[in-house]
Amino acid sequence: MLCAKNIHFCIKQRPIVDQASLSLEAGEVLAILGPNGAGKSTLFKILSGELGCNRGSVGYNGCPVQKLKSKQLAEIRSVMPQHSQVNFPFTAQEVVELGLVACKSSKPKQLVQEVMEATNTLSLKNQVFNQLSGGERQRVQLARVLVQIWEQKPFPRYLLLDEPTSALDIAQQHAVLKILQDLKHRNIGVLIILHDLNLASLYADKVALLKNGMIAGFGQTNDILEERLLSKVFDHPVSILTHPITGSKLISTDRYLTRSTQNFKHA
């Protein structure tokens, strides 16, 4: 389990993350949602071990993150930040192969090919990474972090991603999130920062809502994606509809539709 308890982080005595607690089990997808400036990326860096917290604790599989050496941490969690730069003229495949540094594989070539096929990046393997489009670079970076944890292991592992769908078109967004869902069967827990509430509704098992550095709601997706709570967190009216085919929640932030839906409910 990835477990965070009462995390507190401040800059110049201003709380950025304030008494935040959450947990992620292997076999779950947890989406972190919240408005801009809520503290999502700072929380992400603390959970990944990049930042230390002023108070509170973060642990992986029962071990405090600060007691794990870099190599040990790399074996149980892989991280894809919001922005990743490559300063050398690497090909796409060479960037993906960087993920091998943190894992032990008896068949590295097979592993790289399998992951690049899964992320639809194999056709890009000989192209210079920095000459790819934004969406292509994002998928190559995803392949790099997946290589690190793709092989089956007997212990729980975790994948942390900060807005991995931001540069992707609709089809690519769903393809990537489907890959992340499939990771659950590999004894992997996925933590993902998203902006699209409907993608969270479709693919996340749990949701953590963050506002002003505090956890405003944490739990099962259907319990947390609720009109009143979402409207409060995002300071904007929200309506919950039902998808006519899947039965999942459809989240509307359109003011007119929201008002019409509310009038219909009270009629």
Quick one: Kirkwood hydrodynamic radius for segment 171-250, alpha-carbon pairs, angstrom, one decimal?
13.6 Å
What list of ³J(HN,Hα) couplings, whole Hz, do you get for segment 91-105 from phi and the Karplus terms 6.51, -1.76, 1.60, once you set θ to phi - 60° and write x for glycine and proline?
6, 4, 5, 5, 5, 4, 5, 4, x, 6, 4, 9, 9, 10, 10
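Find how much the distance from Gln220 to Gln113 grows on full extension, using 0.36 nm per residue of separation minus their present alpha carbon separation; answer in nm with one decimal.
35.0 nm
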Phi-based couplings in Hz for segment 38-44 (Karplus 6.51, -1.76, 1.60; Gly and Pro marked x):
6, x, 4, 5, 5, 4, 4
Above 23 angstrom, tally the Cα pairs of segment 81-225 and express them as a % of all pairs, no decimals.
37 percent
Take the residue pairs Lys45/Lys107; Lys104/Lys125; Lys67/Lys153; Lys5/Lys232 and return only those whose Cα atoms are more than 28 Å apart.
Lys45/Lys107
So, for the Cα atoms of segment 204-247, Rg and Dmax in Å stand at 11.3, 36
Mind ranking 129-139, 158-168 by how tightly packed they are, going by the mean number of other C-beta atoms within 10 angstrom, highest first?
158-168, 129-139
Straight-line reach from Lys178: which aspartates and glutamates have Cα under 20 Å away, leaving out those fewer than 8 places along the same chain?
Glu25, Glu28, Glu114, Glu117, Glu136, Glu151, Asp162, Glu163, Asp169, Asp196, Asp205
Would you mind computing the Rg to Rh ratio of the chain from its alpha-carbon coordinates, Kirkwood style for Rh?
0.99
With n ≥ 4 as the cut-off for DSSP H runs, can you work out [θ] at 222 nm for the chain, using -39500 (n - 2.57) per run divided by the number of residues, rounded to the nearest 500?
-10000 deg cm²/dmol
How much of the DSSP bridge set in the chain is antiparallel, in percent, rounded to the nearest 5?
60 percent
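Read-outs: derived from the displayed coordinates by stated rules, not from any lab. Fair warning: this is a prediction, and the values are worked out from it, not measured in the lab. Every residue, glycine as well, gets a Cβ built from its backbone with ideal geometry; the counts of neighbours run over all protein chains shown.
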